[in-house]
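Participant: Following this message is one structure expressed as structure tokens.
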Amino acid sequence: PNEYLVVAENDMIFASTYGTSIRIAKDYSGSLKNGDETLRLIRVETNGAETVVDEVYYSDALPWPAEADGEGSSIQLIDEAEDNNRVANWAADTSALYTPGAANSVTDDLPAFPLVWLNEIQTASTTGKVDNFGDYDPWVELFNAGSTAFTMTNCYLTDEYTNLFKWAFPAATAATSGFLNVWADNETGETATTNYHANFRLSTTNGPLALVYSNAGHVMIIDYMNYPTVQTNRSYGCFPDGDWANRVIFVYPSFGATNNDTRLVLIYINEWMADNSGAYTDPADGHSNEDWFELYNASTNPVNLGGYTLTDNLG
């Protein structure tokens, strides 16, 4: 109770680096990526079933702490009583770079995180929803997954992680288990009644977006997305609503309504082998150690993949 256990890749190297007084579990045979990874603590039950005790996603890209990206600092949880999958619940300490086997140096009592999410965005359109001036402008949709209404006072939207207070919400309310839309068109003069217009315009290629909450002296990023390039008349967001860990490009945007994941082409990356030790042989050249992956067509009709491309580099 109230003790710490370190899981290290190599206990001898860890002890020589951080000291021999820290309790260390057996060597960890895996490895941690620098970012964009989910770390899980799993308990194996007596019947062999696996139960996820805790899990956390982390990244090495903003808005995650840059000091923890190879600069010598660890990344530390701030408040164990709050959601540890929120970027605002993690910090790097440049004075106490790491605290293995001891209490974190950044601990604080954070306000509860509102259950409001960046649910869907559209960056460019020529059809569909128009704003109160008849324009096909970019928009952002919020989803309140809570059971009560949440007033957006002291909340902000921004497309710059270095300027978290870029656009302040008026006294708007996200309806109970409902949606709230903001036109991200840099036309604040068009704001009228519930037609809100932010002072920035979403990029048509890719970019950052964050929902920020200021409460009791704490400035917290409630939710964020580093969105990809989205085709004109398509949208990007959570499926199902509020599931930040599963964001996809939607064929059919759903302004102010439940996200629709109906797709025109049901082609999936279905299986892959990244370290083929000879289980399968390439019939073209007879090589038995080549990586491979499998595509699956989940529709009832053949799909012509002419014009499609494959890449292992999103740039």
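The values are calculated or read from the model by the stated rules, or taken from the named source; none is laboratory data. In this text, all values refer to a predicted model and were calculated from it rather than measured experimentally. Glycine also receives a Cβ, built like all others from the backbone with ideal geometry; neighbour counts cover every protein chain displayed. SASA here: full protein model, heavy atoms, side chains in, ligands and nucleic acids out. Shrake-Rupley method; radii C 1.70, N 1.55, O 1.52, S 1.80 Å.
Participant: Could you tell me which of rounded, prolate or oblate describes region 56-111, using a ≥ b ≥ c as the square roots of the eigenvalues of the alpha-carbon gyration tensor, with rounded for a/c under 1.5 and, failing that, prolate when a/b is larger than b/c and oblate otherwise?
Facilitator: oblate
Participant: Go through 111-123, 1-13 and give me the packing order, highest mean Cβ count within 10 Å leading.
Facilitator: Details: 111-123: 21.5, 1-13: 11.0.
In decreasing order of mean packing, 111-123, 1-13 become 111-123, 1-13.
Participant: Can you tell me the equivalent ellipsoid semi-axes for the chain? Use √(5λ) from the Cα gyration tensor, largest first, whole Å.
Facilitator: Semi-axes, largest first: 37, 32, 17 Å.
Participant: Something else about it: Given 4 °C and 1.567 mPa s, compute D for region 169-315 with the Stokes-Einstein relation, Rh being the Kirkwood radius over Cα pairs; round to the nearest whole µm²/s.
Facilitator: Details: Rh = 19.4 Å.
For the chosen part, D equals 67 µm²/s.
Participant: Which of the peptides 26-35, 156-165 is most tightly packed, and how do the rest follow, judged by the mean count of other Cβ atoms within 10 Å per residue?
Facilitator: Packing order, densest peptide first, comes out as 156-165, 26-35.
Participant: Still on this model: Taking the Cα centre as origin and putting +1 on Lys and Arg beta-carbons and -1 on Asp and Glu beta-carbons, what dipole magnitude results for region 67-114, to the nearest 20 debye?
Facilitator: 80 debye
Participant: How would you classify region 66-218 from its alpha-carbon gyration tensor, with a ≥ b ≥ c the square roots of the eigenvalues: rounded for a/c under 1.5, else prolate if a/b is greater than b/c, otherwise oblate?
Facilitator: It comes out prolate by the Cα gyration axes.
Participant: Can you tell me how much longer the chain between Glu187 and Phe255 gets when fully stretched, taken as 0.36 nm per residue apart minus their C-alpha distance, in nm with one decimal? Provide the component values of the computation, followed by the final result.
Facilitator: Details: separation 68, 0.36 × 68 = 24.48 nm, distance 1.88 nm.
Result for the pair: 22.6 nm of gain on full extension.
Participant: Once the whole set of protein chains is in place, how much accessible area is left on Arg43, using a 1.4 Å probe, in Å² to the nearest 10?
Facilitator: The accessible area comes out at roughly 120 Å².
Participant: So if I take the centroid of the Cα atoms in region 68-83 and the same for region 169-248, what is the distance between those two points in Å?
Facilitator: Centre-to-centre distance over Cα atoms comes out at 26 Å.
Participant: Residues with amide H under 5 Å of Asp223's amide H, sequence separation 5 or more or different chain, H placed in the peptide plane at 1.01 Å from N; which?
Facilitator: HN-HN under 5 Å from Asp223: Leu211.
Participant: If amide H atoms are built 1.01 Å from N in the plane of the peptide, which residues on other chains or at least 5 residues away come under 5 Å of the amide H of Met152?
Facilitator: The answer is Ala172, Thr173, Ala174.
Participant: Putting +1 on Lys and Arg Cβ atoms and -1 on Asp and Glu Cβ atoms, find which of Phe165, Leu110, Asn132 reaches farthest to the positive end of the dipole of the chain.
Facilitator: Checked the options; the winner is Asn132.
Participant: Now for a separate question. Evaluate E = 1/(1 + (r/R0)^6) for Gln231 and Asp69, where r is the Cβ-Cβ distance and R0 equals 35 Å; express this FRET efficiency to the nearest 0.05.
Facilitator: It comes out at approximately 0.65.
Participant: Roll a 1.4 Å probe over the protein heavy atoms and report the accessible area of His287 in Å², nearest 10.
Facilitator: Its heavy atoms expose roughly 90 Å² to the probe.
Participant: As a test of the definition: which semi-axes, in Å, follow for region 126-176 when you take the square root of five times each eigenvalue of its alpha carbon gyration tensor? Largest first, please.
Facilitator: Here the semi-axes work out to 22, 18, 10 Å.
Participant: Round to the nearest 0.05 the FRET efficiency obtained for Thr38 and Ile267 when R0 = 25 Å and r is the Cβ-Cβ distance.
Facilitator: 0.50
Participant: Turning to a different aspect of this structure: When DSSP assigns beta bridges and you keep just the ones with both residues in the chain, what percent turn out antiparallel, to the nearest 5? Numbers along the way, then the final one.
Facilitator: Numbers: 53 of 56 bridges.
Percentage antiparallel, nearest 5: 95.
Participant: Mind giving me the nanometre distance, one decimal, between the label points for Ala216 and Asn132, set 7 Å out from Cα along Cα→Cβ?
Facilitator: Spacing of the two 7 Å Cα→Cβ label points: 3.5 nm.
Participant: Still on this structure, please answer the following. Whenever you get a sec, line up Arg201, Arg263 from highest to lowest accessible area (probe 1.4 Å, protein heavy atoms).
Facilitator: Arg201, Arg263
Participant: I've got another one for you. Using Cα pairs under 8 angstrom and six or more residues apart, how large is the relative contact order of the chain, in percent?
Facilitator: This gives 11 percent for the chain.
Participant: So what's the back-of-envelope 222 nm ellipticity for the chain, counting only DSSP H runs of four-plus at -39500 (n - 2.57) apiece and dividing by all residues, rounded to 500?
Facilitator: Helices in the chain give a 222 nm mean residue ellipticity of -500 deg cm²/dmol.
Participant: Next question, about the same structure. Indicate the gyration tensor shape class of region 8-63 (rounded, prolate or oblate), computed on the Cα atoms with a ≥ b ≥ c the square roots of the eigenvalues: a/c under 1.5 is rounded; otherwise a/b larger than b/c is prolate and the rest oblate.
Facilitator: In terms of gyration-tensor shape, oblate.
Participant: Sort 230-240, 251-261 for me by packing, meaning the mean count of neighbouring Cβ atoms within 10 Å per residue, highest on top.
Facilitator: Result, highest mean first: 230-240, 251-261.
Participant: Let me ask something else. Of all GluC sites (Glu not before Pro) in region 253-315, which ones are in loop regions per DSSP and have a Cβ with at most 16 other Cβ atoms within 10 Å? Please list the in-between numbers first.
Facilitator: Working: sites: Glu271, Glu290, Glu294; in loops: Glu290.
When the GluC sites (Glu not before Pro) of region 253-315 are filtered for loop state and at most 16 Cβ neighbours within 10 Å, Glu290 remain.
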